[in-house]
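Report on the structure given below.
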Amino acid sequence: MSAPKVKFNNGLEIPAIGLGTWQSKLGEVASAVEYAIKEAGYRHIDCAWVYGNEKEVGEGIRASGVPRSDIFITSKLWGTYHTRVEECLDETLANLGTDYLDLYLIHWPVPLNPKGNHAVFPTLPDEYTNRLITVPDGKRDVAREWDLKDTWKQMEAVLKKGKVKSIGVSNFSEVKLEEILPTAEIIPAVNQLELHVYNPQHKLISYLKSKGVIPQAYSPLGSTNSPLLTDETVVQVATRHALQPADILLGYLLAKGIVVLPKSVTPPRVASNYTGSIAALEKLDASDIKTLDGLAAGGKQKRFITPPWPVDLGFENWPKLP
Ligand SMILES: NC(=O)c1ccc[n+]([C@@H]2O[C@H](COP(=O)([O-])OP(=O)(O)OC[C@H]3O[C@@H](n4cnc5c(N)ncnc54)[C@H](OP(=O)(O)O)[C@@H]3O)[C@@H](O)[C@H]2O)c1
């Protein structure tokens, strides 16, 4: 059984099920990746420079024995590298042990000060004490003078050099996309977003469709300790189709043409997320989709991934920070 594929606006294709690797610990991630490819059928791995585990992900890919050319690899540019796209990409390529990526994304539309008090999460001086603080308190040192259009130009340049086959964005609202689209030579292939039954972002998905940008779902299961897996409606639909709640959560997104990126380091889950989501895609009918489409609007709207970016950057449904 192999995952369906989704076609990009540049004609290239992506397997619609990819293995997530965020929070996959060192000592666990290589074997999870190897298992996913060798035993469970995955041909798509979702990585990021900031996850700090790309070296082991690369080891897992090589240990699978499946040729690099048969595997779709995505990685992401971190905020402190918006001014130095190729540098971050080169680090990722070296870590993964490959000479190209299938897809490279701007991780967040939040350029961070490359010369701040921390190489990954720079923060502003505390406004009261003027001490440098390093705790996540909503005062991340954002490089506000940097223009996202220039990050995108550098993304286009690494594609033209042949280091990546497709480029895209992640966590971009319609407003942020409109900042880069008017001057873009290359339309983003994807926008990777928090997408699941409690955060379906229907309006943004329609907008992406109108622009030819494929949505990818991160945290499709609701991330760590997810309440989605025990949601009454999800469980009912799963029981009716003799499937697991996770299968329904993933199959629902696949049915909407959304690429899913479930993370697991637990072999039986890695396997069932793949086969179960394909089974759910086949079984879910229009009324199931309508029911699941309405969960968030019915009072369950919730985001799980809310890094402490300044609130004025305009992320939707963001919690208020102190
Ligand atoms: N672009 C971005 O800003 C961004 C942000 C967040 C995530 N992502 C990407 O999206 C991927 C997925 O998101 P995520 O890791 O936040 O969350 P997720 O895939 O929604 O959920 C992962 C959690 O669910 C558990 N799990 C997996 N399969 C399960 C199953 N069948 N039954 C019960 N529990 C299950 C995993 O545990 P075990 O591992 O212990 O099995 C883990 O705790 C990430 O790994 C990353 O690649 C991107």
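The values are calculated or read from the model by the stated rules, or taken from the named source; none is laboratory data. This is a predicted model, so every value here is computed, not measured. Positions of Cβ are generated from backbone atoms using ideal geometry, with glycine treated the same way; all protein chains shown enter the neighbour counts. What goes into the accessible areas is simple: the full protein's heavy atoms, side chains included, and nothing from ligands, DNA or RNA. Shrake-Rupley method; radii C 1.70, N 1.55, O 1.52, S 1.80 Å.
Within segment 54-84, being buried (at least 23 other Cβ atoms within 10 Å of the Cβ) and of a type in the set (S, T, N, Q) holds for Thr74, Ser75, Thr80. When Gly116 is tested against (1) in contact with a Leu (Cβ under 9 Å, 6 or more places away or on another chain); (2) not in a loop (DSSP other than H, G, I, E, B), only condition (2) is not met. Within segment 280-295, the set of residues being in contact with a Ser or Thr (Cβ under 7 Å, 6 or more places away or on another chain) and either open to solvent by 40 Å² or more (accessible area, probe 1.4 Å) or within 13 Å of the ligand (Cβ to nearest atom) (or both) comprises Thr291 only.
With respect to Lys25, determine if the residue is in the same structural domain as His107 (by TED's automatic domain parsing), open to solvent by 20 Å² or more (accessible area, probe 1.4 Å), at pLDDT 95 or above and basic (Lys, Arg). Outline the logic, then answer.
On the way: in the same structural domain as His107 (by TED's automatic domain parsing): yes; open to solvent by 20 Å² or more (accessible area, probe 1.4 Å): yes; at pLDDT 95 or above: yes; basic (Lys, Arg): yes.
For Lys25, the condition - in the same structural domain as His107 (by TED's automatic domain parsing), open to solvent by 20 Å² or more (accessible area, probe 1.4 Å), at pLDDT 95 or above and basic (Lys, Arg) - is met.
Which ones in segment 206-232 are within 16 Å of the ligand (Cβ to nearest atom) and part of a helix (DSSP H, G or I)? Reasoning before the result, please.
Here is the first cut: in segment 206-232, the residues within 16 Å of the ligand (Cβ to nearest atom) are 208, 213-231.
Correct list: Leu208, Leu228, Leu229, Thr230.
What single numbered condition from (1) over 22 Å from Ala157 (Cα atoms); (2) open to solvent by 50 Å² or more (accessible area, probe 1.4 Å) fails to hold for Glu87? Against the list (1) over 22 Å from Ala157 (Cα atoms); (2) open to solvent by 50 Å² or more (accessible area, probe 1.4 Å), Glu87 comes up short only on (1). Flag: Asp231 matches the condition of being among the acidic types (Asp, Glu) and surrounded by fewer than 23 Cβ atoms within 10 Å (Cβ to Cβ).
Scanning segment 35-49 for residues that are within 13 Å of the ligand (Cβ to nearest atom), open to solvent by less than 40 Å² (accessible area, probe 1.4 Å), of a type in the set (A, V, I, L, M, F, W, C) and out of contact with any Pro (no Cβ under 9 Å at 6 or more places or on another chain) yields Ile45, Cys47, Ala48. Taking the criterion of being without any contact (Cβ under 8 Å) to a residue 60 or more places away in the chain and either of a type in the set (Ser, Thr, Tyr) or surrounded by 23 or more Cβ atoms within 10 Å (Cβ to Cβ) (or both), the only residue of segment 143-176 that qualifies is Trp152. Within segment 90-100, the set of residues being in contact with a helix residue (DSSP H, G or I) (Cβ under 7 Å, 6 or more places away or on another chain) and open to solvent by 10 Å² or more (accessible area, probe 1.4 Å) comprises Glu91, Asn95, Gly97, Thr98, Asp99.
Identify the residue in segment 239-248 that is in contact (Cβ under 8 Å) with a residue 24 or more places away in the chain and open to solvent by less than 60 Å² (accessible area, probe 1.4 Å) and, among all such residues, is nearest to the ligand (Cβ to nearest atom). Restricting to residues being in contact (Cβ under 8 Å) with a residue 24 or more places away in the chain and open to solvent by less than 60 Å² (accessible area, probe 1.4 Å), the top hit is Ala246. When each of Gln201, Gln192 is tested for being within 16 Å of the ligand (Cβ to nearest atom), open to solvent by 30 Å² or more (accessible area, probe 1.4 Å) and assigned by TED's automatic domain parsing to the domain that holds Leu77, the lone residue that passes is Gln201. Of all residues in segment 249-279, those that are aliphatic (A, V, I, L, M), away from the ligand (no atom under 11 Å from the Cβ) and part of a helix (DSSP H, G or I) total 4.
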